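Trainee: Just passing along the structure, written as structure tokens.
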Amino acid sequence: MKGLFFSRKNEYVLARRLVYLVLAAIFFFPFSSCHYGQYRPHSQLNQLEIGMPSAQVVTIMGQPKQIKPLSGGGSSYRYDLFTPFRGLEPYDLTFDTSGRLIGYSRDNEEYYRMQQNMQAGANSFVQQMQKDRQLEQKDRELDIKQQEADRRPIVQFQTPPTVYVHVKNDN
């Protein structure tokens, strides 16, 4: 057991796990708080009313992620809204030429693209974790074999003593 918990290899494994933990925390932190950066809770949409001026919408929703002018006049404000168990959903709030809210909708194409990107990132993370576990398992097996080899008694082969037999010949 000496050196089992404090070997360089175990320090390396612990360091890698710490890196994975930090990466996971960075990846999932935006989803843990509804008001982190531009992420707002989906429930804020319930406070909006058709005909509301854009300044009042910004007061309720905060600054939009993006403002796009529309071809027929007016504008579209982009918000990433957080919904539990669904994550971030991109919503476009549409305003007429006078700056009044005329409607809002979720951008499904962008939502599914975001979901695919998140899934791809999660898949590569899981694959790397599986590779690391396989390497750790091989290292453990080698350590066990080495420990067993260290415990084996040392057998020294000695040459047997030479025995001389004198045979009498009765002839």
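Trainee: Which one is modelled with the lowest pLDDT among residues in segment 36-62 that are farther than 26 Å from SER98 by Cβ and touching a strand residue (DSSP E or B) at 6+ places or on another chain (Cβ under 8 Å)? Step through it out loud before you land on a result.
Mentor: Let us first name the residues in segment 36-62 that are farther than 26 Å from SER98 by Cβ, namely 36-37, 39, 41-43.
Applying the additional criterion that residues be touching a strand residue (DSSP E or B) at 6+ places or on another chain (Cβ under 8 Å) yields 39, 41-42.
Values: TYR39: 64, PRO41: 79, HIS42: 73.
The residue in question is TYR39.
Trainee: Here's something else I'd like to know. In the list GLU109, GLU148, GLU141, which residue meets the criterion of being out of contact with any helix residue (DSSP H, G or I) (no Cβ under 6 Å at 6 or more places or on another chain) and at pLDDT below 85? Reasoning before the result, please.
Mentor: Numbers: GLU109 fails: at pLDDT below 85; GLU141 fails: at pLDDT below 85.
Going through GLU109, GLU148, GLU141 in turn, the sole match is GLU148.
Trainee: While we're looking at this one, here's another question. Looking at (1) of a type outside the set (D, E, K, R); (2) on the phi < 0 side of the Ramachandran plot; (3) in a strand (DSSP E or B), find the lone condition where ASN117 falls short.
Mentor: So the condition that ASN117 fails would be (3).
Trainee: I've got another one for you. Let me spell it out: the conditions are (1) outside any loop (DSSP other than H, G, I, E, B); (2) in contact (Cβ under 8 Å) with a residue 24 or more places away in the chain, and GLY73 meets all of them except one. Which number is the exception?
Mentor: Of everything listed in (1) outside any loop (DSSP other than H, G, I, E, B); (2) in contact (Cβ under 8 Å) with a residue 24 or more places away in the chain, GLY73 misses just condition (1).
Trainee: Residues in segment 52-80 that are buried (at least 18 other Cβ atoms within 10 Å of the Cβ), among the hydrophobic types (A, V, I, L, M, F, W, C) and under 32 Å from the mean Cα position of the chain (by Cα): how many?
Mentor: Qualifying residue count, segment 52-80: 1.
The values are calculated or read from the model by the stated rules, or taken from the named source; none is laboratory data. Quantities reported herein were computed from a predicted structural model and do not represent experimental measurements. Virtual Cβ from ideal backbone geometry, glycine too; neighbours counted across all protein chains shown.
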